[in-house]
Amino acid sequence: MTLNEHILYGTSTDFLINYLKALGVFKLLSVQKDNSLKGFWQDGYFHLVTGLSKDEILQFFLNEYEPSPMVAPWNGGSGFYGKKAANQFLRSIEQSTVSRLEKYRTTIKQCWDILEELEITEKPNDKTKSALRIKIRQTINDDALEIMDTLYLVFSSTDKPGETNTRFGFLFGSGGNDGNLEFTNSFMQYLSLVIPFGQEEVDNKTKKELELSEKRLRAALFKDILAPGLKQSVGQFFPGGAGGVNQAIGYSAGSLINPWDYILALEGILFFKGSVVRKLETDLPPSAAFPFTVRETAAGSGSVSTNDEGSNSRGEVWLPVWSKPATYRAVNYLFYEGRVVLGRRKASNGLDFARAVANLGVDRGIDSFERIGLVSGGRFGNMNFAVSLGTFPVSYHKEVRLLDEIDNWLNNWRRFAGSKGTPARYRTILRNLEDAIFRYTQFGQTEDFTAILIALGLAEESLHYMVDKDPQCQPLTLSPRWVEAADDGSVEFRLAAALASIEQVRNEQGKILIGAMREFVEPVQQSSKDPSRYTWVNADKKIQGSSFDERLLYILERRLIQAEQNNLRFWPIQGRYKANLNDINMFLNNAVDMEKIEKLYKGLILINWPRYSSTQEKLLPSEYVDPAFATLKLLFWPEPLKINNLDYKMGKEFSIVTYLRSGDLYRAMEKALIRLRASNLNTKLKHTDLRFYPSSLQRSVRLGASLLIPLHARELPVLLKSTLKENVEGVS
């Protein structure tokens with residue numbers, strides 16, 4: 001048999017209605033005509049590989065296609081109640097003798113029998129609707145049950161034992177109804193305009209529409225002919241055809257739809273059948289799940305705001321796009337297994353879905369997803385409309401697993417930011433964080449992961465003011481793996497990491513004498529038993545200083561004061577991560593982005609530094625060392641100095657920091673030289689040389705701040721050689 005490849009130019013991935021139409025064509029041809037047919041996406045269009053010719057495909061839909069029996073007898077506009085117009089289309093199918101409508105007639109009759117059994121003669125109330133939907137699932141035929149699985153699911157209530165809850169599929173609105181549009185009855189209406197129902201007499205309007213059926217079918221599938229649209233509501237699937245201001249020549253336009261587009265799109269929705277599942281990690285009752293559908297999140301989209309989340313949004317649907325030919329059975333299984341998993345839990349919102357995709361949570365040969373948000377609210381009145389939220393390529397990013405560490409913290413934050421009375425700035429902070437996460441899952445660039453770390457630091461910092469109001473948002477701690485993952489290779493990152501990694505100091509009994517760097521920045525206290533845990537404390541952690549330099553110098557002062565109070569032998573400025581002299585030189589010469597350093601530093605203090613194992617950083621030889629820094633750093637070296645096999649103990653001089661803060665660099669250097677010489681070290685720099693050293697308040701403060709930065713021990717010989725006259729080859 002010769003296989004033909006047909007490109008359905010009437011389908012595409014950019015509009016929900018066109019994507020669903022492709023699925024509908026694929027399903028109907030595979031199930032009712034050619035079970036060996038295969039389909040795939042290429043260049044934005046759906047392709048069919050089949051033994052059928054183009055004419056045979058057209059003739060199938062015109063003369064053989066058996067519509068799925070779509071009914072929703074719980075809706076007032078379904079045709080089962082008093083509305084004459086709606087009732088007309090249902091009755092016309094019921095009275096038809098056309099064989100291709102037999103399944104429809106059988107389903108309608110069963111619904112009438114159920115309504116009679118339940119004594120329902122008018123539009124049911126909520127309680128009656130629930131009983132009706134349960135009864136339908138118990139007794140309806142298998143062909144109609146597939147529609148019910150897509151329309152709604154019934155599962156046990158977790159709040160009220162013995163009772164049930166109903167969840168509706170996103171794509172069919174609230175059980176087949178969206179605003180004033182009833183999907184199933186509209187489906188019947190459009191069928192009557194493209195398929196003869198076998199009536200001996202039809203009105204002129206219907207006759208005219210039937211004559212246009214083939215042209216409209218060609219336009220819907222192949223776009224090889226123009227066909228007039230029908231002035232009817234398009235619903236949520238095709239916002240571009242909804243009419244309104246500036247939608248056509250003139251001031252406004254009406255709503256237009258090709259009946260075949262609507263029919264085939266609703267047939268395609270049947271791929272999104274739901275099922276009742278039980279969470280693997282709990283003993284809770286089962287819940288409902290629909291494939292590739294999650295709650296909406298504004299992250300990663302410029303067209304949806306945080307105000308469109310929650311009650312203003314029905315949710316998101318992620319449409320899988322695959323490029324390898326697949327059978328209906330394979331694709332149907334893909335949708336059946338389309339409940340994307342994040343770790344051991346089901347993805348619940350758009351951000352979870354993005355993470356799961358990047359984390360190989362979906363592994364079925366999918367190339368990308370089209371992300372669609374079903375948005376409502378004041379923007380569109382009572383109607384929902386499908387808004388494109390972009391294309392999401394499927395690719396693996398190894399570091400995405402690190403985001404599992406912030407799951408609980410992020411969920412608490414999301415609940416906190418959305419609670420009543422929380423200032424709007426916290427929702428903005430959450431949006432920025434989620435946008436950063438979304439960018440990384442989408443593109444996988446290191447700078448995107450760095451942005452996540454920065455956003456986490458800013459979010460954590462903002463919680464200081466809400467500690468008492470929301471105790472569930474406990475301090476976040478990140479594993480050391482975040483250091484490598486977020487390292488963008490910049491000097492700013494190395495400097496920020498070195499500062500953030502400054503360790504706590506304990507006595508011989510294990511008591512914490514001086515806290516880690518984080519405790520000087522946030523109102524937190526590190527656990528003495530578990531260094532990875534922090535708790536909020538009611539302490540005033542206001543850091544003095546109008547610039548980052550001044551704030552670092554203030555922290556240095558506070559640590560030195562505590563060292564004096566505890567009679568420590570060495571200054572408490574040892575860090576787990578080490579900077580190098582090239583980084584220090586750039587810091588001192590204003591060749592770094594100070595704002596970036598501070599933002600990174602706020603994120604990096606969240607790292608569990610006690611468990612960080614320092615890698616062997618590559619040290620580039622430094623061509624120049626600032627003599628003032630070299631001199632001062634020797635006095636503030638946090639470890640014993642062993643020079644030429646001799647031990648040197650540096651005398652402490654706290655006043656040096658005070659002079660640096662006030663801008664008196666001359667006095668600070670003078671004190672440093674005196675201390676070094678008192679330790680029997682002969683310095684190259686003399687008092688008279690200080691008159692020629694450039695001095696300013698800014699440089700003095702910057703030098704003071706640089707003393708806080710942990711420096712790699714392998715840089716010590718360079719400091720000594722540039723400072724001392726002695727031969728220091730044996731430095732250790």
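The values are calculated or read from the model by the stated rules, or taken from the named source; none is laboratory data. Please read all numbers here as calculations on a predicted model, not as lab measurements. Positions of Cβ are backbone-derived with ideal geometry, glycine not excepted, and every protein chain shown enters the neighbour counts. The accessibility values were calculated without ligands, DNA or RNA, using every heavy atom of the protein model including side chains. Shrake-Rupley method; radii C 1.70, N 1.55, O 1.52, S 1.80 Å.
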| query | How much length is gained if the chain between GLU163 and ALA330 is pulled fully straight, taking 0.36 nm per residue apart and subtracting their Cα-Cα distance, in nm to one decimal? | reply | 56.5 nm
| message | Past the 28 angstrom mark, what percentage of all C-alpha to C-alpha distances in the stretch 584-732 do you count? | response | 23 percent
| field | Test item: Cα-centred dipole of the stretch 568-608, Lys/Arg +1 and Asp/Glu -1 on Cβ, debye | value | 240 debye
| message | Quick one: the Cα spread of the stretch 419-464 along its three principal axes, in angstroms, biggest first? | response | 36, 18, 10
| remark: Ranked output for segments 602-613, 139-150, 522-533, 414-425 by mean other Cβ atoms within 10 Å, highest leading, reads 602-613, 139-150, 522-533, 414-425
| message | Run the helix sum for the chain: -39,500 (n - 2.57) per DSSP H stretch of 4+ residues, divided by residue count, reported at 222 nm to the nearest 500 deg cm²/dmol. | response | -12000 deg cm²/dmol
| task | Measure out, as a whole number of angstrom, how far apart the alpha-carbon centroids of the stretch 1-66 and the stretch 620-680 sit. | result | 79 Å
| Label-point separation in nm, ASP126 to TYR624, each point 7 Å along Cα→Cβ | 7.5 nm
| task | Taking the chain as the reference, fit the longest principal axis to its C-alpha atoms, fit the long axis of helix 407-418 to the helix C-alpha atoms, and give the angle between the two in degrees, 0 to 90, nearest 10. | result | 70 degrees
| Helix 665-678: angle to the longest alpha-carbon principal axis of the chain, degrees 0 to 90, nearest 10? | 60 degrees
| remark: Carbon plus sulfur, as percent of the 1.4 Å-probe accessible area of the chain, comes to 48 percent
| query | How much net charge surrounds GLU56 when only the other residues with a Cβ under 11 Å from the Cβ of GLU56 are counted, with Lys and Arg +1 and Asp and Glu -1? | reply | -1
| Cα Rg over Rh - the chain, Kirkwood | 1.15
| request: For the chain, calculate the relative contact order in percent as a whole number, restricting contacts to Cα pairs under 8 Å that are 6 or more residues apart. | output: 10 percent
| query | For the stretch 619-696, which GluC sites (Glu not before Pro) are both in a DSSP coil and crowded by at most 16 other Cβ atoms within 10 Å? | reply | GLU623
| For peptides 223-230, 626-633, sequence by mean Cβ density within 10 Å, most packed first | 626-633, 223-230
| Accessible solvent surface per residue of the chain, calculated while the other protein chains remain in place, 1.4 angstrom probe, Å² | 45 Å²
| query | Pairing the Cα long axis of helix 259-269 with the longest principal axis of the chain, what angle in degrees results, from 0 to 90 and rounded to the nearest 10? | reply | 60 degrees
